[in-house]
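Contents: one structure, followed by commentary.
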Amino acid sequence: MSTVRVCVDAMGGDEPVEVVLRGIEAALEADEGLEIVVAAPQEQIEPFCNEHERAEALFAPDVIEMEDDPIAAVMRKRKSSIVLGCRAVKKGSVDGFFSAGSTGAVTAAGVAYVTPFKFQASTGEKRPIRPCLTSTLPNRRGGLTVFCDMGANPDVDPEDVVRFAQMGAAYARTVLNVSAPRIGLLSNGTEEGKGSAFTKSCFPLMREHVPGFIGNCEGNDIVSGDFDVVVTDGFAGNVALKATEGAAKFLMAELKTSLKSSLRGKIAAMLIKSDLKELKDKMSGDAKGGAILLGLRGVVLIGHGATSVEAVKNGALATAQAVRAGLVDNVAASMDGIVR
């Protein structure tokens, strides 16, 4: 197994630093080829790094809080763990970066320091592409559906959506080993003429430039398993994601309440306890590691703010997996006109 150096933001997430450090320790135990650079204030991480052979400290005295304005914080707090982690990727001193901190701040720092690929516009000008926030959701066929954009780009052009689809397909091929991804454009109906004016303008471009494009899909197709990749703009994507997550949490809470409401329910809960745990784990974001910013010149993963030991472990391992799979190069190769 090849050695990979991953930087982990120890200040990211809602839990104490100790939880993140335990997750880092678990990742090091799970992957003998993994080296982790831990970014945080010196007093928070120095003892841990001294005790672990494959852990190295990156002292970051500034901290970007969840309530900070993302862009202002990245510009002002240049010695924060998020900024220094992204700069380390840019310099090549690490192969990837994982943080469960502010999604906006990690995105802003990734764009500013890791930098997106550029494409040759029809005018001859070289322009940066829009990075696409991408993750996977479990589907009814027992597999995973790639979903993008999850919120990085609320306002986009149809050409951006085409690139999101191309990058999402590259992710499905490289990380999920789907040889010929089936791609759908999120709309309010499956017919070609359905959708907003924006969706309708995306459709012919998707059909022309995205191999594997099947056509429009609906919100339920995010988890149906009929599509390997579902693509949309960041505004609709974030709304759909939050609605899906909210519905899942509501159903789990209702099921728990129902089972606890009677003796028969409590007996049933005991009998299916392992099945319920498996269902909860499947719906949890901990196992996925996080969402990746596709389109950057390096691997940047963003974890859920409600960080657990398992989430940090899987985030670090998922970052290493993306590096070993050559995801960045595969994503760049999936788009036309990319300037290396």
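Here's the yes/no breakdown for (1) modelled with pLDDT under 95; (2) in contact with a Phe, Trp or Tyr (Cβ under 8 Å, 6 or more places away or on another chain); (3) closer than 20 Å to VAL4 by Cβ; (4) of a type in the set (A, V, I, L, M):
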{"position": "VAL17", "(1), (2), (3), (4)": "yes, no, no, yes"}
{"position": "VAL20", "(1), (2), (3), (4)": "yes, no, yes, yes"}
{"position": "ALA26", "(1), (2), (3), (4)": "no, no, yes, yes"}
{"position": "GLU35", "(1), (2), (3), (4)": "no, no, yes, no"}
{"position": "VAL38", "(1), (2), (3), (4)": "no, yes, yes, yes"}
{"position": "GLN44", "(1), (2), (3), (4)": "yes, no, no, no"}
{"position": "HIS52", "(1), (2), (3), (4)": "yes, no, yes, no"}
{"position": "GLU65", "(1), (2), (3), (4)": "yes, no, no, no"}
{"position": "ASP68", "(1), (2), (3), (4)": "yes, no, no, no"}
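Residues that are assigned to a helix (DSSP H, G or I), modelled with pLDDT under 90, touching a helix residue (DSSP H, G or I) at 6+ places or on another chain (Cβ under 9 Å) and acidic (Asp, Glu): does the stretch 265-275 have at least one? No, there is no match, as no residue in the stretch 265-275 is assigned to a helix (DSSP H, G or I), modelled with pLDDT under 90, touching a helix residue (DSSP H, G or I) at 6+ places or on another chain (Cβ under 9 Å) and acidic (Asp, Glu).
With respect to LEU205, is the statement that it is within 24 Å of LEU293 (Cα to Cα) and part of a strand (DSSP E or B) true? The answer is no for LEU205. A search for C-beta distances below 6 Å between a residue of the stretch 181-196 that is free of Cβ contacts under 8 Å to residues at least 24 places away in the same chain and any residue that is hydroxyl-bearing (Ser, Thr, Tyr) and part of a loop (DSSP other than H, G, I, E, B), counting only pairs 6+ apart in sequence or on different chains, returns LYS194/SER187; GLY195/SER187. Against the conditions (1) surrounded by 19 or more Cβ atoms within 10 Å (Cβ to Cβ); (2) charged (D, E, K, R); (3) in contact with a strand residue (DSSP E or B) (Cβ under 9 Å, 6 or more places away or on another chain), ARG87 satisfies every one except (3). Residue under question is SER81, and the condition is that it be over 22 Å from VAL175 (Cβ atoms), of a type outside the set (Asp, Glu), out of contact with any helix residue (DSSP H, G or I) (no Cβ under 8 Å at 6 or more places or on another chain) and surrounded by fewer than 16 Cβ atoms within 10 Å (Cβ to Cβ); does it hold? For SER81, the condition - over 22 Å from VAL175 (Cβ atoms), of a type outside the set (Asp, Glu), out of contact with any helix residue (DSSP H, G or I) (no Cβ under 8 Å at 6 or more places or on another chain) and surrounded by fewer than 16 Cβ atoms within 10 Å (Cβ to Cβ) - is not met. Can you say whether VAL239 is part of a helix (DSSP H, G or I), among the β-branched types (Val, Ile, Thr) and either surrounded by 12 or more Cβ atoms within 10 Å (Cβ to Cβ) or within 23 Å of the chain's Cα centre (by Cα) (or both), as far as the supplied structure shows? In short, yes.
Apart from one condition, ALA57 fits all of (1) in contact with a helix residue (DSSP H, G or I) (Cβ under 9 Å, 6 or more places away or on another chain); (2) of a type in the set (Gly, Ala, Ser); (3) not in a strand (DSSP E or B); the exception is (3). Filter the stretch 163-203 down to residues that are hydrophobic (A, V, I, L, M, F, W, C) and surrounded by fewer than 22 Cβ atoms within 10 Å (Cβ to Cβ) and give me whichever is farthest from GLN321 (Cα to Cα). Among them, the one singled out is ALA197.
Within the stretch 230-267, the set of residues being hydrophobic (A, V, I, L, M, F, W, C) and farther than 30 Å from GLN166 by Cβ comprises PHE250, LEU251, MET252, ALA253, LEU255, LEU259, LEU263, ILE267.
Condition first: over 18 Å from PHE147 (Cα atoms) and among the aliphatic types (A, V, I, L, M). Now tell me which residues in the stretch 200-221 satisfy that. Selection gives LEU205 alone.
The values are calculated or read from the model by the stated rules, or taken from the named source; none is laboratory data. Because the structure is predicted, anything quoted here is derived from the model rather than measured. Methodologically, a virtual Cβ is constructed for each residue, glycine included, from the backbone with ideal geometry; neighbour enumeration extends over all protein chains shown.
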